[in-house]
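*Asks:* This is the structure I have questions about; it appears just below.
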Amino acid sequence: MKTTLFFLFLIQALSLWAGPTVTTEFIKIDQFGYFCQSKKVAVIVDPQEGFNAALSFNPGTGADQYQVRRWEDDAVVYSGTLQQWNNGQTHSQSGDRGWWFDFSAVTQPGSYYIFDKQNLVGSFRFEIGEQVYEQALTQAIRMFFYQRINFAKKTPYVDTKYADGASFDGPGQDKEARSRNDKNNASTARDLRGGWFDAGDPNKYTTFVFDPLLQMLDAYRQHPSVFKDQLNIPESGNGIPDLLDEIKWELDWLKRMQDGTGTNGFFLKLGVDNFSDVSPPSNDRRPRYYVGECTSATITGAAVFALAGQVYKSLPQAEMKTYGEDLLQRAQKAWTRAQNTSLNFTQFQTTCDDQDIKSGDADRTGPEQLGNAVAAAAHLYEATGDETYKRFVEANYTKVRPYSDNYWSPYNLPVAEALLRYTTLPKADPTVTNNILRQKTNSNYLFSIDPYRTQKDLYRAYMEDWAHHWGSNMIRSNSGNINLDFNTFRINTSNRELYRETAEQYLHWMHGLNPLSMVMLSNMYAFGAEKCADELYHTWFNDKTDWDNARTSSKGPAPGYVTGGPNKDFSIKTITPPASQPPQKAYKDWNAGWPENSWEISEPAIYYQGAYIALLSRLIGTNTQACGSTTPLREPIEKTAQILVYPQPAQDQLRVEYQGLPVKKLQVSLRDLTGRLVLNREFQSGQFNLELQGLANGLYLLQVKNEGWVSGIKVLVQH
């Protein structure tokens, strides 16, 4: 959040009818909502440690002090009593003590909030229904369209705020990138256009696509009907699900990375050799360079093309069947090349990336490359039936994670799922199959149903302390995915419903049921979230640009980006938060560059995105219990208002101008960040002054209610 903005804030108000007069973040819910038949538990907290330890909340703990109320008319549909978590002990991972409010009995579709009768405060709004996550999935997939390189973002496919020309399309850039080892030699130029920004940086890494592409391709293969052809990208309506259109954009770039070598191997990465980022990306004129062929890249390409080939061959369009067949042929050629350059997968190149091209290290260790090769062989065996690949899996599966660790965790998921897929093939070796399934069968003890049963996590989505590292949101999503794997591969079937219930809790955490009360996706205010990531570390949406902050800058970041998540190992110990916090609170919503290093917290990445999309789509695809009679979910915004406030920061007086809707009577309130009411007045005009003398310096929420339509904006007071 910036404290030096002196321009006028202009905000489009959310159209909200009824709902609680006072909203508190101490009542945590999934801000998008819940399936009708799902387990629904709100978490109510009183902070004891961490950045909000000075705040307190004493909920109504008596009988039936908590209610579920319908949003549109405040009607009480359910009452219940809080259950104290762990006898009132402080939860070490969050520094909070808390209570649970189970309202699973509410199954009628509609819009609701939780209400505390004692304190007269309510939660954010949430929905119950069959399609509560459709917008979240849509925006998460559309993130890849914003990430496209060498492709203009134009209306009507993007809001005008995010319109931008094609990036890295000029001389010496992606269409004629040169070798990192011979930058002045034009004969090294290769056409390596296409693909996505890997993360917040504008580079493209072959090895980094292993996880997201394999996870999303497999998620599609499991539940193809979940993925629609109407997400408003240029390819929408072509008969191919938009997820596969986006993945094809990346696959086409990978094909060029293979073609560029002339050997059937793959270049390792493509990017810039300095940190002089430019926003928007279309203005970036820096030359682009590639790092040459490497065994890690070639093995990655073989695995991705082997699975992608099967998916695209399964589509009804003749051109897609041809496309899939080409990918399979490329996968086999890449396998042969990797087999030769690695001396039959015994000697791997692990120092190809000298970091001249900034900044991610695209190298993979020898054990990692062997694991990826096992995944490639499993997919190639499924695709071709060639016994060579089968024998490779059977000779090497015990040497790679997760099997070698005897520990099936949220890490190495594409390898784990490839091994599980192998067990389903008709000619799989029975002994190998039994060994793999036995290990997975016994993996309930971490990130799974054992800690869920014992209520180990106040926030109901347990991860070990050490898993709250850089990119922990990927691990959170994959914790849900490993539970769904039990069901996908029909393991421990007596616990089928419990695995699904456990997986849903990890999704709820990502959607705001966490110590931060934050949806871990950017700028989702127009799609059902009340508090989400306002800032993310990204070349385009950089600090002090027009896209800086979703609430206070003129444009804000594009919606749907999954940020890195809490990181207890954050390197700058003088910035707290995120430093010196309980693991689940080790987060800060900011995007400052060096020396603050916000990329360790808020940077998005295609692999975080892929894990989240896999979890969300698998839960949607396995939601087989239909709702009863329905009432509308959140209505589209039809009435809008604008609040103009100045000056910012305000000293002793704030001028407010309310525009866009007729005014009869305005109910105006000002609350501090704890939710405490500090000012409450009525006005008959849309233009008025607020006296701020006596208020402490800090951020406040100004709320204007006009015949039920509520508009809000943050105000900075600085005397």
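*Asks:* Return yes when GLN625 is among the polar types (S, T, N, Q), modelled with pLDDT under 95 and either over 16 Å from the mean Cα position of the chain (by Cα) or farther than 25 Å from THR552 by Cβ (or both) and no when it is not.
*Replies:* Answer is yes for this residue.
*Asks:* Identify the single condition in (1) surrounded by fewer than 15 Cβ atoms within 10 Å (Cβ to Cβ); (2) under 34 Å from the mean Cα position of the chain (by Cα); (3) in a helix (DSSP H, G or I) that THR351 does not satisfy, given that it satisfies every other one.
*Replies:* (3)
*Asks:* Just to be sure before I move on: is LYS161 in a helix (DSSP H, G or I), in contact (Cβ under 8 Å) with a residue 60 or more places away in the chain, over 23 Å from LYS228 (Cα atoms) and not acidic (Asp, Glu) in the structure I sent?
*Replies:* Taking the combined requirement at face value, the residue satisfies it.
*Asks:* For the range 165-201, give me each residue that is under 25 Å from GLN349 (Cα atoms), in a loop (DSSP other than H, G, I, E, B) and within 32 Å of the chain's Cα centre (by Cα).
*Replies:* ASP191, LEU192, GLY195, PHE197, ASP198, ASP201
One line per residue, one yes/no per condition, for (1) closer than 30 Å to GLU501 by Cβ; (2) out of contact with any Gly (no Cβ under 7 Å at 6 or more places or on another chain):
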| residue | (1), (2) |
| --- | --- |
| TRP540 | no, yes |
| SER554 | no, yes |
| TYR561 | yes, yes |
| SER571 | no, yes |
| TRP599 | no, no |
| TYR612 | yes, yes |
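*Asks:* Can you tell me which residue within the range 73-94, out of those that are of a type in the set (S, T, N, Q), touching a strand residue (DSSP E or B) at 6+ places or on another chain (Cβ under 8 Å) and part of a loop (DSSP other than H, G, I, E, B), is surrounded by the fewest Cβ atoms within 10 Å (Cβ to Cβ)?
*Replies:* GLN89
*Asks:* Further question on the same structure: Restricting attention to the range 287-302, which residues are closer than 24 Å to PRO414 by Cβ and part of a strand (DSSP E or B)?
*Replies:* Within the range 287-302, VAL291, GLU293 meet the criteria.
*Asks:* Has the range 328-341 got any residue that is surrounded by fewer than 15 Cβ atoms within 10 Å (Cβ to Cβ), out of contact with any strand residue (DSSP E or B) (no Cβ under 6 Å at 6 or more places or on another chain) and either at positive phi or part of a loop (DSSP other than H, G, I, E, B) (or both)?
*Replies:* No: zero hits.
*Asks:* A further question on this structure: Do we find a residue being in a helix (DSSP H, G or I), of a type in the set (Lys, Arg) and over 30 Å from TYR290 (Cα atoms) anywhere in the range 223-239?
*Replies:* no
*Asks:* May I pose another question? How about the range 398-480: which helices (runs of 4 or more DSSP H) wholly inside it have at least 2 residues that are of a type in the set (A, V, I, L, M, F, W, C) and in contact with a helix residue (DSSP H, G or I) (Cβ under 6 Å, 6 or more places away or on another chain)?
*Replies:* So the answer is 413-422, 430-441.
*Asks:* A follow-up question, please. Regarding the range 272-285, can at least one residue be identified that is under 25 Å from the mean Cα position of the chain (by Cα), of a type outside the set (A, V, I, L, M, F, W, C) and either buried (at least 24 other Cβ atoms within 10 Å of the Cβ) or in a strand (DSSP E or B) (or both)?
*Replies:* Among the residues of the range 272-285, not one is under 25 Å from the mean Cα position of the chain (by Cα), of a type outside the set (A, V, I, L, M, F, W, C) and either buried (at least 24 other Cβ atoms within 10 Å of the Cβ) or in a strand (DSSP E or B) (or both), which makes the answer no.
Every residue, every condition in (1) assigned by TED's automatic domain parsing to the domain that holds ASP652; (2) surrounded by 13 or more Cβ atoms within 10 Å (Cβ to Cβ); (3) closer than 16 Å to ARG655 by Cα; (4) not polar (S, T, N, Q), yes or no:
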| site | (1), (2), (3), (4) |
| --- | --- |
| ARG681 | yes, no, yes, yes |
| ASN689 | yes, no, yes, no |
| GLN693 | yes, no, yes, no |
| ILE713 | yes, yes, yes, yes |
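*Asks:* Kindly list the number of the only condition in (1) in a helix (DSSP H, G or I); (2) of a type in the set (Gly, Ala, Ser); (3) in contact with a strand residue (DSSP E or B) (Cβ under 8 Å, 6 or more places away or on another chain) that fails for SER517.
*Replies:* All conditions are met except number (1).
*Asks:* Mind counting the residues in the range 571-593 that are in a loop (DSSP other than H, G, I, E, B) and touching a residue at least 60 places away in the same chain (Cβ under 8 Å)?
*Replies:* 8
*Asks:* Same structure, new question: For the range 121-152, give me each residue that is within 27 Å of TYR66 (Cβ to Cβ) and in a loop (DSSP other than H, G, I, E, B).
*Replies:* Of everything in the range 121-152, those that are within 27 Å of TYR66 (Cβ to Cβ) and in a loop (DSSP other than H, G, I, E, B) turn out to be SER123, PHE124, ARG125, GLY129, GLU130, GLN131, VAL132, TYR133.
*Asks:* Consider the range 15-55. How many of its residues are assigned to a loop (DSSP other than H, G, I, E, B) and among the β-branched types (Val, Ile, Thr)?
*Replies:* Selection size over the range 15-55: 4.
*Asks:* Is the range 439-450 home to any residue that is on the phi > 0 side of the Ramachandran plot and hydrophobic (A, V, I, L, M, F, W, C)?
*Replies:* Yes.
*Asks:* Just to be sure I understand, how many residues within the range 357-376 are outside any helix (DSSP H, G or I) and either buried (at least 24 other Cβ atoms within 10 Å of the Cβ) or in contact (Cβ under 8 Å) with a residue 40 or more places away in the chain (or both)?
*Replies:* Final tally of qualifying residues: 7.
*Asks:* Could you figure out which of (1) outside any loop (DSSP other than H, G, I, E, B); (2) over 24 Å from PHE145 (Cα atoms); (3) among the hydroxyl-bearing types (Ser, Thr, Tyr) isn't true of TYR607?
*Replies:* (2)
Residue-wise test of (1) of a type in the set (Asp, Glu); (2) modelled with pLDDT of 95 or more; (3) farther than 30 Å from GLY610 by Cα.
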{"residue": "SER79", "(1), (2), (3)": "no, yes, yes"}
{"residue": "SER94", "(1), (2), (3)": "no, yes, no"}
{"residue": "TRP99", "(1), (2), (3)": "no, yes, yes"}
{"residue": "ASP116", "(1), (2), (3)": "yes, yes, yes"}
{"residue": "TYR133", "(1), (2), (3)": "no, yes, no"}
{"residue": "ASN150", "(1), (2), (3)": "no, yes, no"}
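The values are calculated or read from the model by the stated rules, or taken from the named source; none is laboratory data. These figures come from a predicted structure and were not determined experimentally. Positions of Cβ are generated from backbone atoms using ideal geometry, with glycine treated the same way; all protein chains shown enter the neighbour counts.
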